1. Going residue by residue through region 33-45, is there one that turns out to be surrounded by 12 or more Cβ atoms within 10 Å (Cβ to Cβ), of a type outside the set (F, W, Y), more than 16 Å from the chain's Cα centre (by Cα) and in a loop (DSSP other than H, G, I, E, B)?
2. Suppose the filter is surrounded by 10 or more Cβ atoms within 10 Å (Cβ to Cβ) and more than 12 Å from the chain's Cα centre (by Cα); does E13 pass it?
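Every number here is computed from the coordinates shown, using simple stated rules; none is lab data. Keep in mind the model is a prediction, meaning the values are calculated, not measured. Ideal geometry is used to build each Cβ from the backbone, glycine not excepted, and the neighbour counts take in all protein chains shown.
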Amino acid sequence: MMEQGNLPTNDFELWGSLRSAEMDFFRASWEFFSRSTDKQLTIRQALKSPSDRTTALRILF
């Protein structure tokens, strides 16, 4: 994990929060890919929903 060094406390905490969220996303993605029975259909349907599209595109990338 990154050391605080000269970073302001707020920036260091924000970075930690971002890193934690990314790890949660990685774990959820791994679970989706390992357990979903129809990944293509799920992603196809997610692309049609404005609130799900960003996540679907990130998965496809």
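1. First pass over region 33-45, keeping only residues surrounded by 12 or more Cβ atoms within 10 Å (Cβ to Cβ): 36, 39, 42-43, 45.
Still in the running and of a type outside the set (F, W, Y): 36, 39, 42-43, 45.
Among the residues that remain, those that are also more than 16 Å from the chain's Cα centre (by Cα) are: 36, 39, 42, 45.
Subset that is in a loop (DSSP other than H, G, I, E, B): 36.
Looking for residues that are surrounded by 12 or more Cβ atoms within 10 Å (Cβ to Cβ), of a type outside the set (F, W, Y), more than 16 Å from the chain's Cα centre (by Cα) and in a loop (DSSP other than H, G, I, E, B), one finds at least one in region 33-45, hence yes.
2. Working: surrounded by 10 or more Cβ atoms within 10 Å (Cβ to Cβ): yes; more than 12 Å from the chain's Cα centre (by Cα): yes.
Yes; evaluated as a whole, the condition is true for this residue.
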